[in-house]
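Student: Dropping a structure here in structure tokens format, bear with me for questions.
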Amino acid sequence: MISEALRPLPEDLRADATVYRYNADSGEREILREGDNHVECEPRSDDGFTWCYPTSTAARRDLRARLVAEGLSSEEVAERITAAEMDGSVAPSPIGSMMYRTYDEGDRIQYLWVVVLPDQVASDLAMPTGSQRDQSLAGQGTPWMMREGTSGAHLMIPINGTEFSNTGSTAPLIDAKTITDPVTQATLPLPDDLKNVATVSTFDASTGQRVVLREGTSTVECRPHDPESGFTRCYHQDGWVSRDMNARLLAEGYSEDDASASVAKAVEDGAIPSTPMGSLGYRLYGEDDRIRLLWVLRVPGATATELGMPTESQRDNALAGRGTPWMMNEGTAGAHLMIPINSTELSNR
């Protein structure tokens with residue numbers, strides 16, 4: 001039971017995770033194994049799902065279990081939890097909290113991680129909303145946002161290519177270097193529902209000139225392949241402002257430290273926009289010595305303990321086409337979740 005309950009977690013979180021269950025009659029928590037890290041898991045439920053959560057949301061889940069045991073309706077449970085959040089007796093789920101789920105049958109997504117984004121809107125975070133359920137069942141799904149603008153808003157992250165994932169084939173590799181149209185090439189890192197609505201631009205750091213190649217209708221903006229770095233990148237349009245400022249300062253002769261400090265000061269002063277908690281970036285690389293298709297979730301200032309995230313690098317696994325997300329730079333302004341995208345036509349294999 002213990003090992004099965006831990007299956008949704010990445011390996012670096014399993015050994016020290018708590019395993020618990022709720023008493024069906026009282027709703028009280030029963031500890032099956034005491035852990036000492038920042039995640040905890042429930043054994044597989046009758047509906048076939050196994051879930052793990054950050055310990056930071058334990059009080060909220062404990063309250064829900066007690067209310068359900070009292071026989072309250074789902075609407076009444078939601079009202080009581082909202083009231084508890086309002087009076088401070090239960091903390092809201094932090095934006096960016098991670099949940100982990102497995103399922104044993106192939107008629108649903110078998111390995112799924114979920115980032116909680118209460119009340120957030122896709123356009124503010126440069127996120128896709130087109131469902132990837134069918135692609136995920138075929139082993140080739142990419143993340144997408146559900147229930148935007150509600151208290152239950154979240155990012156679905158189907159995990160492809162692992163022993164717990166849906167069985168499917170890896171899509172034939174597309175060589176991005178053969179695509180010469182700058183607009184088509186620039187939008188390659190994006191999911192299909194964002195490709196045709198993204199703005200595409202170029203930027204000359206030496207002159208500070210931004211040139212729009214295609215005006216989009218979304219908040220996502222992409223830049224064509226950078227021959228110096230080898231990357232093609234897309235961000236929320238506000239995300240380019242700080243990057244462009246940094247590039248201009250470097251071109252003017254600033255050191256990297258001084259340029260970064262100037263950008264940070266501009267953000268602090270409100271002169272340029274800050275990176276929103278939970279915003280998503282997209283990156284493509286054309287060779288196998290790095291992660292080819294990588295999405296990055298920004299969680300500035302957050303820690304792994306707060307959000308229930310792993311921190312052990314998955315770079316090697318990602319290069320082999322079976323990487324899972326991990327957090328980098330926790331507790332800093334640059335904290336982010338690395339999300340390697342496996343098994344697509346642009347992924348490592």
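The values are calculated or read from the model by the stated rules, or taken from the named source; none is laboratory data. Keep in mind it's a predicted model, so treat the numbers as computed, not measured. When we count neighbours, we look across all protein chains shown, and the Cβ atoms used for this are built from the backbone with ideal geometry, even at glycine.
Student: Considering only residues that are among the polar types (S, T, N, Q) and touching a strand residue (DSSP E or B) at 6+ places or on another chain (Cβ under 7 Å), which ones fall in segment 54-89?
Tutor: Matches in segment 54-89: 55 only.
Student: Here's a follow-up. Go through the residues of segment 285-307 one by one and say whether even a single one is polar (S, T, N, Q), surrounded by 19 or more Cβ atoms within 10 Å (Cβ to Cβ), at negative phi and without any contact (Cβ under 8 Å) to a residue 40 or more places away in the chain.
Tutor: No, that holds for no residue.
Student: Still on this structure, please answer the following. Of a type outside the set (D, E, K, R), buried (at least 17 other Cβ atoms within 10 Å of the Cβ), at negative phi and in contact (Cβ under 8 Å) with a residue 60 or more places away in the chain - does that describe any residue in segment 247-261?
Tutor: no
Student: Count, please, the residues in segment 91-111 that happen to be closer than 22 Å to residue 47 by Cβ and β-branched (Val, Ile, Thr).
Tutor: Summing the residues that are closer than 22 Å to residue 47 by Cβ and β-branched (Val, Ile, Thr) in segment 91-111 gives 2.
Student: Moving to a separate point now. Collect the residues in segment 3-50 that are over 24 Å from the mean Cα position of the chain (by Cα), within 27 Å of residue 71 (Cβ to Cβ) and among the hydroxyl-bearing types (Ser, Thr, Tyr), keeping them in residue-number order.
Tutor: 20, 22, 26, 45
Student: Sticking with this one: Criterion first (under 30 Å from residue 314 (Cα atoms) and either surrounded by 18 or more Cβ atoms within 10 Å (Cβ to Cβ) or out of contact with any strand residue (DSSP E or B) (no Cβ under 8 Å at 6 or more places or on another chain) (or both)) does residue 98 satisfy it?
Tutor: yes
Student: Restricting attention to segment 65-102, which residues are in contact with a Ser or Thr (Cβ under 6 Å, 6 or more places away or on another chain) and hydrophobic (A, V, I, L, M, F, W, C)?
Tutor: 69
Student: I'd like to verify a number: residues in segment 252-297 that are of a type in the set (Ser, Thr, Tyr) and over 23 Å from the mean Cα position of the chain (by Cα), how many?
Tutor: So the answer is 4.
Student: Working only within segment 169-186, note down all residues that are crowded, with 17+ Cβ neighbours inside 10 Å and acidic (Asp, Glu).
Tutor: Passing the criteria: none in range.
Student: Of the conditions (1) at positive phi; (2) touching a Gly at 6+ places or on another chain (Cβ under 9 Å); (3) at pLDDT below 95, residue 96 clears all except one; give me its number.
Tutor: Checking residue 96 against (1) at positive phi; (2) touching a Gly at 6+ places or on another chain (Cβ under 9 Å); (3) at pLDDT below 95, the one that fails is (3).
Student: Take segment 174-195 and flag every residue that is farther than 22 Å from residue 294 by Cβ and either in contact with a helix residue (DSSP H, G or I) (Cβ under 8 Å, 6 or more places away or on another chain) or polar (S, T, N, Q) (or both).
Tutor: 180
Student: Let me confirm something: among 18, 50, 57, which residue is in contact (Cβ under 8 Å) with a residue 24 or more places away in the chain and out of contact with any helix residue (DSSP H, G or I) (no Cβ under 9 Å at 6 or more places or on another chain)?
Tutor: None of the others qualify; the one that does is 57.
Student: Quick check: anything in segment 273-280 over 30 Å from residue 59 (Cβ atoms) and touching a residue at least 24 places away in the same chain (Cβ under 8 Å)?
Tutor: The answer is yes, given that some residue of segment 273-280 is over 30 Å from residue 59 (Cβ atoms) and touching a residue at least 24 places away in the same chain (Cβ under 8 Å).
Student: Is at least one residue of segment 53-63 assigned to a strand (DSSP E or B) and either surrounded by fewer than 18 Cβ atoms within 10 Å (Cβ to Cβ) or within 18 Å of the chain's Cα centre (by Cα) (or both)?
Tutor: yes
Student: Another question, then. Within segment 312-330, can you find the residues that are within 19 Å of residue 281 (Cα to Cα) and assigned to a loop (DSSP other than H, G, I, E, B)?
Tutor: 313, 314, 323, 324, 325, 329, 330
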